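Note sheet for the following structure.
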Amino acid sequence: MPTPAGDADSTPQAQDNSGVSDSALDKLQTAIDKAQDAVDAAQSALDAATDDYDATRSAYANAKALAKSADAIARSARSAATAAAAKLMVALHQTHADQATTTLGAVLGDEGAGGNANLLQRLTAAHQLGSMHGPLDQLTKRAESTAKHADQLTGAAAKAHDALNAIPLAQKRSAKQAAQSAVDAAQSSLDAAVDAMAAASSDGANDDFADDFRLAAGSWVDPVRGPITDVFGPRPSQPAGTPVFHPGVDIGAACMTVIVAAADGTVSYAGPYSGYGNFILIDHGSGVQTAYGHISDGTILVSPGDHVTAGEPIARVGSTGESTGCHLHIEVRVSGTAVDPMPFFENRGVTLGR
C-alpha cells in the first residue's frame with residue numbers, strides 16, 4: 001500500500017524504492033476509469049443492438065409466418081378457381097359437344113338439334129352454366145386478391161429480413177470485447193505498479209524497529225477501542241486486493257464509532273487517499289506521525305493545519321477504500337518509516353486492541 005507523507009500544505013505524495021509515484025498510479029487509475037466508461041458505453045450499445053435484433057427477429061418471424069399462411073391461402077384460392085373453371089368447361093362440353101363455339105351456342109344449339117322439344121332442357125342448362133360462371137368469377141377475383149396479399153406479405157418479410165441483417169450486432173460485440181481488453185490491459189498496468197509499490201513499502205516498513213522513545217513524554221491514548229483484526233507485517237492473504245505487506249494494524253469497531261487523535265499534533269492531511277479510503281495523517285513532531293484509514297464518508301472533523309490534542313475526536317470508523325468491513329487502520333511512522341504500532345503504543349502505556 002502506498003505510504004503517504006507530507007505536510008499541512010500538500011496532499012501526501014508517496015515515492016518509494018519502486019520508482020512509482022502516486023501521480024503515476026492516479027494516471028493509471030484514470031486510464032482504467034476511462035476504459036471502464038468505454039466498456040459501459042459499449043455494453044449499452046450492445047444491449048440496445050441486442051434488443052433491436054431480438055425485436056426485429058421476432059418481427060421477421062411473424063412476417064415470414066404471415067407470408068407463408070397467405071401463400072397457402074392464395075394457393076388454395078387458385079386451386080378452387082382452377083377446379084371451378086375445369087368444372088365449367090366439362091359442363092360446356094357435355095351440353096353441346098358437337099358444334100358449340102360459344103357458351104350461348106353450346107346451350108341453345110340450332111333447330112336441327114332437337115327443336116322446341118329440347119328448348120326447356122337447353123334453357124335449364126344455360127341457367128346452370130350461368131350459376132357456375134358466377135362463382136368462377138368470384139373465385140378468380142378472390143385468387144387474384146389473395147395472391148396479391150401474399151406477395152405484399154412476402155415483400156414485408158423480405159424487408160424484415162434485410163432489417164435483421166442490417167443490425168450490427170457482431171460489430172457491437174467486437175467493440176465490447178475491444179473495450180474490455182483495454183480495461184484488462186490498464187488494470188494489469190496498475191496491478192504491476194501497485195505490486196512494485198507494495199514490494200517497496202515492505203522494504204520501507206520496519207518490523208525490527210528499536211524504539212528510541214521519541215515523544216515518550218506526554219499523553220498517548222487508544223484511537224479507538226476494539227479487537228485487533230489484522231497485524232503489522234507480511235500478509236499472506238490479500239483481502240480486498242490489498243498489498244502483501246500491512247504497514248499498520250486494524251482495529252475492529254462498529255461503523256460510525258468515534259476515532260480520536262492518538263496524541264497531540266498537527267493535521268498534515270485529511271481526505272480521500274488511494275486504498276486507505278478517507279484518511280487522516282497527524283504529525284506529532286520529532287519525526288513521528290500517526291495515520292488513520294478507512295474513515296466513514298463525510299465524518300472527517302479536521303482539516304490540514306489544525307492542531308489536535310490527544311483524545312480529540314477527529315472522525316468516525318468506516319469501510320472506505322480497500323476494506324471488507326468497518327474498522328480503523330492505524331499506522332505509526334518514524335522518520336517516514338512505518339513501524340509496528342503495537343509495541344510503540346505499548347511503550348507509551350496504551351494497549352491497542354482492547
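Tabulated data
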| read-out | value |
| --- | --- |
| GLY275 vs. criteria closer than 30 Å to ALA210 by Cβ and surrounded by fewer than 19 Cβ atoms within 10 Å (Cβ to Cβ) | no |
| Condition broken by ARG348, with the remaining ones in (1) outside any loop (DSSP other than H, G, I, E, B); (2) over 25 Å from ASP191 (Cα atoms); (3) at pLDDT below 95 satisfied | (1) |
| Selection count, the range 305-323, where residues are assigned to a loop (DSSP other than H, G, I, E, B) and under 20 Å from HIS284 (Cα atoms) | 6 |
| Test: residue in the range 314-322 that is within 18 Å of ALA205 (Cβ to Cβ) and touching a residue at least 24 places away in the same chain (Cβ under 8 Å) | yes |
| Output for the range 312-341, where each listed residue is surrounded by fewer than 22 Cβ atoms within 10 Å (Cβ to Cβ) and at pLDDT 95 or above | GLU312, PRO313, SER319, THR320, CYS326 |
| Check on LEU281, at pLDDT 95 or above, in a loop (DSSP other than H, G, I, E, B) and under 41 Å from the mean Cα position of the chain (by Cα) | no |
| Test: residue in the range 296-307 that is under 15 Å from TRP220 (Cα atoms) and either modelled with pLDDT under 95 or surrounded by fewer than 22 Cβ atoms within 10 Å (Cβ to Cβ) (or both) | no |
| Residue list for the range 252-275, restricted to those being of a type outside the set (Asp, Glu) and in a loop (DSSP other than H, G, I, E, B) | ALA253, ALA254, CYS255, MET256, THR257, ALA261, ALA262, ALA263, TYR273 |
| Candidate set from the range 288-304 (those that are on the phi < 0 side of the Ramachandran plot and part of a strand (DSSP E or B)); member that is farthest from the chain's Cα centre (by Cα) | VAL288 |
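Residue by residue, here is whether (1) in a helix (DSSP H, G or I); (2) surrounded by fewer than 19 Cβ atoms within 10 Å (Cβ to Cβ); (3) modelled with pLDDT of 70 or more; (4) in the same structural domain as ALA179 (by TED's automatic domain parsing) holds:
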| residue | (1), (2), (3), (4) |
| --- | --- |
| PRO4 | no, no, no, no |
| ALA8 | no, yes, no, no |
| ASP33 | yes, yes, yes, yes |
| ASP47 | yes, yes, yes, yes |
| ASP51 | yes, yes, yes, yes |
| SER58 | yes, yes, yes, yes |
| ALA74 | yes, no, yes, yes |
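The values are calculated or read from the model by the stated rules, or taken from the named source; none is laboratory data. In this text, all values refer to a predicted model and were calculated from it rather than measured experimentally. Note: ideal-geometry Cβ built from the backbone for every residue, glycine included; neighbour counts use all protein chains shown.
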